[in-house]
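As structure tokens, the structure follows; a few thoughts come after it.
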Amino acid sequence: GENVEQHPSTLSVQEGDSAVIKCTYSDSASNYFPWYKQELGKRPQLIIDIRSNVGEKKDQRIAVTLNKTAKHFSLHITETQPEDSAVYFCAALSRDAGNMLTFGGGTRLMVKP
Amino acid sequence: ETGVTQSPTHLIKTRGQQVTLRCSSQSGHNTVSWYQQALGQGPQFIFQYYREEENGRGNFPPRFSGLQFPNYSSELNVNALELDDSALYLCASSPGGRSPQETQYFGPGTRLLVL
């Protein structure tokens with residue numbers, strides 16, 4: 001089945017700096033890659049997603065890149081703000097895996113003012 | 001916030017008991033997926049329901065079962081609770097059905113503690 005690895009597990013940046021979180025996946029049949037932000041005690045919230053027919057997608061300060069050949073995708077947050085502090089999860093969905101999202105282990109991002 | 005709701009918000013059970021968790025999907029969504037999130041980990045897929053039928057299942061034993069109703073709300077039932085079942089249980093709804101590419105929107109979760 002699908003396996004998603006996420007790095008780093010924790011990331012501390014200064015306000016205004018950029019943050020990059022990287023994920024790799026194992027199943028070449030995976031074709032949908034969402035990113036979720038989860039604040040303490042709250043639900044995961046979708047922040048951006050990308051499908052396998054696209055290499056890059058951007059939404060204001062957030063961008064995601066996908067390299068299908070290398071089977072990795074990354075989240076980029078520019079001009080970080082303290083409210084960006086949360087746990088971020090990447091996920092992959094494979095056509096061959098019964099519609100299930102497989103999540104990475106999460107990255108705790110801390111933005112210091 | 002999404003339109004996905006879950007009940008109850010918190011629950012305490014003892015080992016061996018049974019539990020039922022409920023989820024109402026967002027308006028217009030006919031697919032519900034259930035996930036288990038242990039503390040400090042990413043969510044793990046339990047199963048998905050589309051139009052009242054199971055549409056995919058993760059690596060969970062048969063004592064985890066579910067239902068979807070005609071209004072697309074859903075239940076997760078867990079029998080013979082074990083201590084390791086303590087977790088946040090999340091449901092997510094999506095607008096499509098058998099297509100695997102539909103975005104999933106999460107509810108607030110039910111936190112289950114098994115003593």
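The values are calculated or read from the model by the stated rules, or taken from the named source; none is laboratory data. All figures in this text were calculated on a predicted structure; none of them were measured in a lab. Cβ placement follows ideal geometry from the backbone for every residue including glycine, while neighbour counts extend to all protein chains displayed. Protein only, heavy atoms only, side chains kept; ligands, DNA and RNA dropped before computing areas. Shrake-Rupley method; radii C 1.70, N 1.55, O 1.52, S 1.80 Å.
So the values come out like this:
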| read-out | value |
| --- | --- |
| Cβ-Cβ under 7 Å pairs, at least 6 apart or on other chains, the range B:27-51 side in contact (Cβ under 8 Å) with a residue 40 or more places away in the chain and more than 15 Å from A:G1 (Cβ to Cβ), far side surrounded by fewer than 24 Cβ atoms within 10 Å (Cβ to Cβ) and charged (D, E, K, R) | B:N30/B:R51; B:T31/B:E102; B:Y50/B:R98 |
| Exclusive hit being part of a loop (DSSP other than H, G, I, E, B) and open to solvent by less than 60 Å² (accessible area, probe 1.4 Å), set A:D27, A:D49 | A:D27 |
| Filtered residue count, the range B:70-86, keeping only those that are open to solvent by less than 40 Å² (accessible area, probe 1.4 Å) and among the acidic types (D, E) | 2 |
| Which listed residue, of A:V54, A:V64, A:V87, A:V111, is aliphatic (A, V, I, L, M), farther than 23 Å from B:V32 by Cα and in contact with a Pro (Cβ under 6 Å, 6 or more places away or on another chain) | A:V111 |
| Leading residue by the ranking (farthest from A:G1 (Cα to Cα)) among those in the range A:100-113 that are at pLDDT 95 or above and away from chain B (no Cβ under 14 Å) | A:K112 |
| Looking only at the range B:88-115, and only at residues there that are open to solvent by 10 Å² or more (accessible area, probe 1.4 Å) and within 18 Å of A:E39 (Cβ to Cβ), the one that is modelled with the lowest pLDDT | B:Y105 |
| Residues of the range A:1-24 classified as open to solvent by 80 Å² or more (accessible area, probe 1.4 Å) and over 22 Å from B:L90 (Cβ atoms), total | 5 |
| Per-region count, the range B:35-69, residues open to solvent by 50 Å² or more (accessible area, probe 1.4 Å) and of a type in the set (A, V, I, L, M) | 2 |
| Lone unmet requirement of (1) out of contact with any helix residue (DSSP H, G or I) (no Cβ under 7 Å at 6 or more places or on another chain); (2) without any contact (Cβ under 8 Å) to a residue 60 or more places away in the chain; (3) more than 29 Å from B:I46 (Cβ to Cβ) for A:T78 | (2) |
| Flag if A:A70 is under 30 Å from B:Y49 (Cα atoms), more than 10 Å from chain B (Cβ to nearest Cβ) and small (G, A, S) | no |
| Some residue of the range A:82-99 being more than 10 Å from chain B (Cβ to nearest Cβ), in a loop (DSSP other than H, G, I, E, B) and out of contact with any Cys (no Cβ under 7 Å at 6 or more places or on another chain) | yes |
| Among (1) surrounded by fewer than 16 Cβ atoms within 10 Å (Cβ to Cβ); (2) modelled with pLDDT under 95; (3) in contact with a Gly (Cβ under 9 Å, 6 or more places away or on another chain) - the single one A:R95 does not satisfy | (3) |
| Check on A:T78, farther than 26 Å from B:E102 by Cβ and either touching a His at 6+ places or on another chain (Cβ under 8 Å) or away from chain B (no Cβ under 14 Å) (or both) | yes |
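Here's the yes/no breakdown for (1) of a type in the set (F, W, Y); (2) touching a Lys or Arg at 6+ places or on another chain (Cβ under 7 Å):
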{"residue": "A:N31", "(1), (2)": "no, yes"}
{"residue": "A:W35", "(1), (2)": "yes, no"}
{"residue": "A:G41", "(1), (2)": "no, no"}
{"residue": "A:N53", "(1), (2)": "no, no"}
{"residue": "A:K57", "(1), (2)": "no, no"}
{"residue": "A:L66", "(1), (2)": "no, no"}
{"residue": "A:Q81", "(1), (2)": "no, no"}
{"residue": "A:G104", "(1), (2)": "no, no"}
{"residue": "A:L109", "(1), (2)": "no, no"}
